[in-house]
Structure formats: C-alpha cells, structure tokens
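The values are calculated or read from the model by the stated rules, or taken from the named source; none is laboratory data. Everything numeric in this text was worked out from a predicted model, so none of it was measured. Glycine also receives a Cβ, built like all others from the backbone with ideal geometry; neighbour counts cover every protein chain displayed.
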Amino acid sequence: MWNVSESITIAALISGFLSLSSAGAEDARGLELPNVWGQGGALFAFSGFDGKTDCRHPFVGSTSWDGRGLTFHTDAPVSLRLVLHSNGKAKRLPSQDEIIAGDVISSLIGCSGTKLKLRYLLLNKDTVIGEVKALEAPGPVDVRIAVEIGGSRMETQANIVTFHTGAEEFVLAGEGPDLKADQGGLTARLPLGESLRFALLYCCGQSADIGKRTKAALSANQEKLFQKRVAFFRQLPKPKSDDSLLRRTYYKCASVQKVNCVTAQDAILFDWTTPDRWPHRYMWIWDSAFHALGLRHFAPEWARNAIKAVLSKQRPNGFIPHKMTPDDQLDSKLIQPPILSWAAWKVFETAGDEEFIRYCYPRLKAAALFGCKEMDADHNGLSEWGHRFASGMDNSPRFDRPVGDAVDLNAYLVNEMFYLEKMALKLGLAADARMWTQMQRERSRKVNELLWDRETGFYYDLDPEGKQIKIKTVAGFTPLFAGVCSKEQAAALVEHLTNPKEFQRAFPLPSVSADEPTFCDNMWRGPVWINYNRLVIEGLARYGYQDEASKLRSITLKEIARWYARDGVIYEFYDSEGTRSPAELHRKGKAGIGVGARRTGPCVRDYHWTAAIFVDQILGG
Ligand SMILES: [Ca+2]
C-alpha cells in the first residue's frame, strides 16, 4: 500500500511541475522549442524586448560545459553551478519537455533514481533567478548552488552570500528547506517535491537598494515569468519546412536574435542590435543590416530601429563608424560594407512604413556619397577600403598585400544606389532618382572595365598601382549580388560557384576558392560565412539561376542546423569541407594568417547574423 501511494504522489508531482508538457503537445503544430545544450557556450542574456539593458555594464552569460551551469562574462568571470552532494556525476536528462534558449532554461538533471528540475531565468538586466526541484528521489536530496568568482572577498549572512571584487559586487540569495549559506554557495536538503529557489544579482555601482532588489528577486513569480519567456516562441511566424530539425533551429535562431537586441543608450538614439553580446557588445554597420533582415519577419519595430540606430551615429559629413558605442569618442575611424540601403528597403517591403524611409533616405544618401567621394583617394571613380577591417573580411588573403580599388566596396555602392533610387522615387525625388541611375551606370562600367578579368572570368581588387590581384575570394561574387555584371559575366561566375575544385565544396561557399594556396580553415581564409551565402543566393536569383540559389539556400540551412543539433549553438563561420565543428577551426592567429597559425581565442557562438539569415531564409526572405 505504501509503495502504491508514493508512486501516485510522485506521478502527480511530475505532471504538475512539467509545465512544458503543454508546449510539447504543440510540437505537432510546428512549435519546436530549442532544447540542445550540446557543448555549452550558448548565449544567455536579458533582451531589450523585455526591459532596459546596459552595454557598459553587461551581465551576459553562456551555458557551461558541464551541462547544468552558467558563466557570466563580467570583469571578474562568474560561474554559477548546480552541485548534487549525494552524487556529483549527475547528468542532464535530455527530454522533449526541456527548453534551452537565450533567456530561459528548463532542464532535467539526474542520477541513479534521482531526478531534479533545474530552471534559469533572467529577471532583468542584472539578475538571474532560478529553481531546483526534486521530482524523483529515494530520499531527501542534498543540492548546492555554487558561485565562483575569481579573487573575490565573501560575506555570509543568513540566506545571502555577498561577493566583492573591486568595483563589482554580486549577491547570491536563496530560499528552501534546511537552507545554509556558506563561503561560495547555498546548500539545501530537498525532500521530494520541494525546491531551492535562488537569485544571483550583479550590483555594479548600485549597491544602495540591494536589499530591496534581493527580496524582489526571491519573491518573483518564476512560473509566470517562465510562461512569458516561452510565449515569445508561440507568437513567431511558423516556418513552412517539414524538417523538424530545421524548425527547431529556427526557434533557436529567433531566440539568438531576441537576446542580441538591446535598448537605446546615450549616443545610440534607438534600440539596437549586437553581433553576439559577448565578446562584441557594441554595434556594427553591416551586422545591423543583416540582423534587420531576420527581425523584419517577427519584430518589425526592432528591424527599423536596428537601422535607425546605426544612422543615428552618422557624422555631419556622411561618415558612419564601422564600430559604434554609446560614447562617440570610442567609435572607430573606419567604414564598413555599405549595405544599409538594401536592408532598409527590405525592411520597408516587409514592414511597410513610409516614415521609416523618410528618416533613412537623407542619411543613407549622405553615407553613399561619402563612400563614393571620400573613399576614392586617387579619384579614378572606384573606391578603396583604406583598411582591411573596413571590408569586414579581417584576415582575407586579399589583404596580404596593399589593396587599392576594391571589388566588393564598389559593388556594394552600386547596390546602395539601386535601392536609393527606389527610395527617391517613393518619396517623389525625381532628380535624385536620375542622379542614382547615372551614378550606378558609371560605377558599374568602371568595375567591369578595371576589376573584371576576361581570362579567368572573375572579379579582382586592384593593387595601389592599378594591377589586378588575382586571388579568388567570395568578394568576387558581389557584382552578381549588386547587378553589376552582364549575363555572360554572371554565367562565368556561376561556373566558379559550381566548380567542386573552387567554391562548390561540401558546405559552399568557402570564403576563398579551394584551389588558392592560401585556402585554409582560418576565419576569412576558407571557412563559410553565412552573410556571403545570403548575398550570393540573392545574386543567383537576380540573374535567373533559381535552382542554384535554392540549392545554396537549402544546404546553408541544413548545415547550420546540423551543427546546432550537435553543438547547441549558432556559429560565426563554418567548415567548408563539412567535417569539423566550427569550434575547432582557427580564428585569426599571430599574424592573422595561415594554416597552423595559433588560434587567438575561442570561436564566437550564437552569432547574430548567422541566426538572422537563417530566420530570413527559412521564412522565404
Ligand atoms: Ca580609387
């Protein structure tokens, strides 16, 4: 009798607590919540969708490698872990009911007869809250929430541990049965069905109201907040794909987009977007353009603001810095690929708002004219990057020697003019429209006259002496994207795209042709960049190569999804040979070049433009 009664109690508790079982039932309707922890390293951050953010004092985390903790990238790195005293070997128990997303995690942890529910939520920009609950256990379970902060001084008081590290202060507080606070953590003894609730607060220069904040964090309605975070996924447009992994990857990508959205701050006048929150916490030009392409499908106001925020940083002469911060003094002095008019038009088409075009047009016009006039030092009608970083292709072999007129920059400028002309017509500015037509024609003619090589059927940069630098990189396809090339030139480019020895690799398109001696696994020297795939897909369609465009779209989505299923993250760039995890590829190196160069840092995970382009492409953008 005793056994029967207990098993009924356990079953009741499980069904009561697994609030995601309702989400699981929705799978048949296409809502497949992100649920891959994988290697760890996935972004965990509070989104501007839900409240104010602060890029000066970011409390931005990643999922940990042990499958149940978080690491926050504050000045003194903070690790937050769940430890089971009875058995340290407890593992995640993957289930359809869990959710591993950018601002909400709900996961099952267990070992030999013990099953715990672990939940993390971001309450606001400075606070993570959570709960660990005993769902199944032969007896009371000893659990510990451990926090490690390098070089910190600790104080313990009742259910609170305070960590001091120079300018920063963190507070860990909890509530639960037999709760004890000690140096570096909280422990509790959980009978079946009971839980330990905890909050970790980041207090950077705001310790005055810390008592109040701690109390509010502990008494927050976690269930309500959890349902609110999950509701974000329910209101997204449903992808039409019948591949469940692609659909799950889509929801993951939308989550990556959401937590890369932050609020207006000082000199950045509108809500804006980041490439990954960490390590890139600020705003970049072409990143923002790609982010807007994804956001337009589910957050039109955020898509418009992503572009307006960049334009709000424009200088009086039309210049827009390639990296922008809330403080004008800290902005960079370089330009970046000009693709904002293109993105603005796409946002306008999807989320139609003439006021938006009215705001953007004069600013985009000034930016394009700056690119044409101020970036053409030798006044030959074609523009130069000035610095390799301006191109966005940091360590590309294109820049192993000095470069003058650049194929991508000039193709982008022509493309901008194409969309500026559309905007001018929309706004009734006939003279401007005529000016853009004329300028497109002149610059396209120059590109084809000076940068096209008839012999190899490809576009190249010029060196400062005006001689073509014959290295085949994806930059050579930008005239296809921009509508600069003739039908014959497009056909020649498609030959290169479909040649297995050049760009048609296991995962096309490598950033450098595979038959180049510089081709390797280092960032822009071979790996696949999803933003370039996006540009080439559009270029192929523009010239009538629909099959090639749809094949490239399909393999791009599949490969992003394949690595997401394995590693749990959306990467910055991918292996064109399709065999190695992007985590194993080189990222720059001592001199930023070459096979075998030492990797300078970890790869970037949950990269915003990859996610944005996935969203855009699976929704038919
Ligand atoms: Ca020039």
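See the values below:
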read-out: Check on Ala424, in contact with a helix residue (DSSP H, G or I) (Cβ under 7 Å, 6 or more places away or on another chain) and crowded, with 24+ Cβ neighbours inside 10 Å; value: no
read-out: Qualifying residue in the range 263-280 (condition: of a type in the set (Val, Ile, Thr), part of a helix (DSSP H, G or I) and buried (at least 22 other Cβ atoms within 10 Å of the Cβ)); value: no
read-out: Extreme residue, farthest from the ligand (Cβ to nearest atom), among residues of the range 420-450 that are within 17 Å of Arg363 (Cβ to Cβ) and part of a loop (DSSP other than H, G, I, E, B); value: Leu427
read-out: Neighbours by Cβ (under 6 Å, 6+ apart or cross-chain): first from the range 561-576, closer than 18 Å to Ser255 by Cβ; second polar (S, T, N, Q) and modelled with pLDDT of 95 or more; value: Ala561/Thr249; Tyr564/Thr249; Ile570/Thr610
read-out: Inter-residue pairs, beta-carbon under 6 Å, first assigned by TED's automatic domain parsing to the domain that holds Ser511 and in the range 390-407, second in a loop (DSSP other than H, G, I, E, B) and of a type in the set (Phe, Trp, Tyr), 6+ apart; value: Ser391/Trp385; Ala406/Trp385
read-out: Hey, Arg401 within 16 Å of the ligand (Cβ to nearest atom), of a type in the set (Lys, Arg), surrounded by fewer than 23 Cβ atoms within 10 Å (Cβ to Cβ) and on the phi < 0 side of the Ramachandran plot or not; value: no
read-out: Residue selected from the range 118-160 under the condition modelled with pLDDT under 95 and basic (Lys, Arg), by the criterion nearest to Leu179 (Cα to Cα); value: Arg144
read-out: From the options Glu175, Glu155, Glu223, residue that is touching a residue at least 12 places away in the same chain (Cβ under 8 Å) and either buried (at least 19 other Cβ atoms within 10 Å of the Cβ) or assigned by TED's automatic domain parsing to the domain that holds Ser112 (or both); value: Glu175
read-out: Identity of the residue in the range 457-471, touching a helix residue (DSSP H, G or I) at 6+ places or on another chain (Cβ under 9 Å) and farther than 13 Å from Val407 by Cβ, that ends up surrounded by the fewest Cβ atoms within 10 Å (Cβ to Cβ); value: Gly466
read-out: Enumeration of residues in the range 351-372 that are away from the ligand (no atom under 16 Å from the Cβ), crowded, with 18+ Cβ neighbours inside 10 Å and touching a residue at least 60 places away in the same chain (Cβ under 8 Å); value: Ile357, Cys360, Tyr361, Lys365
read-out: Matching option when the condition is within 21 Å of Asn317 (Cβ to Cβ), more than 16 Å from the ligand (Cβ to nearest atom) and modelled with pLDDT of 95 or more, among Met375, Met417; value: Met417
read-out: Enumeration of residues in the range 266-288 that are within 12 Å of Ala612 (Cα to Cα) and out of contact with any Pro (no Cβ under 8 Å at 6 or more places or on another chain); value: Thr273, Thr274, Pro275, Asp276, Ser288
read-out: Only listed residue being part of a strand (DSSP E or B) and either of a type in the set (Val, Ile, Thr) or over 27 Å from Thr162 (Cα atoms) (or both), chosen from Leu135, Leu116, Leu122, Leu80; value: Leu135
read-out: Counted residues, the range 186-240 - those being within 27 Å of the chain's Cα centre (by Cα) and among the small types (Gly, Ala, Ser); value: 2
read-out: Of the criteria (1) in contact with a Gly (Cβ under 6 Å, 6 or more places away or on another chain); (2) modelled with pLDDT under 95; (3) within 16 Å of the ligand (Cβ to nearest atom), which one His387 fails; value: (1)
read-out: Which numbered condition Gly102 misses (of (1) under 16 Å from Thr74 (Cβ atoms); (2) under 29 Å from the mean Cα position of the chain (by Cα); (3) assigned to a loop (DSSP other than H, G, I, E, B)); value: (1)
read-out: Positions within the range 320-347 being surrounded by 16 or more Cβ atoms within 10 Å (Cβ to Cβ), part of a helix (DSSP H, G or I) and touching a residue at least 60 places away in the same chain (Cβ under 8 Å), in sequence order; value: Leu340, Ser341, Trp342, Ala344, Trp345, Lys346
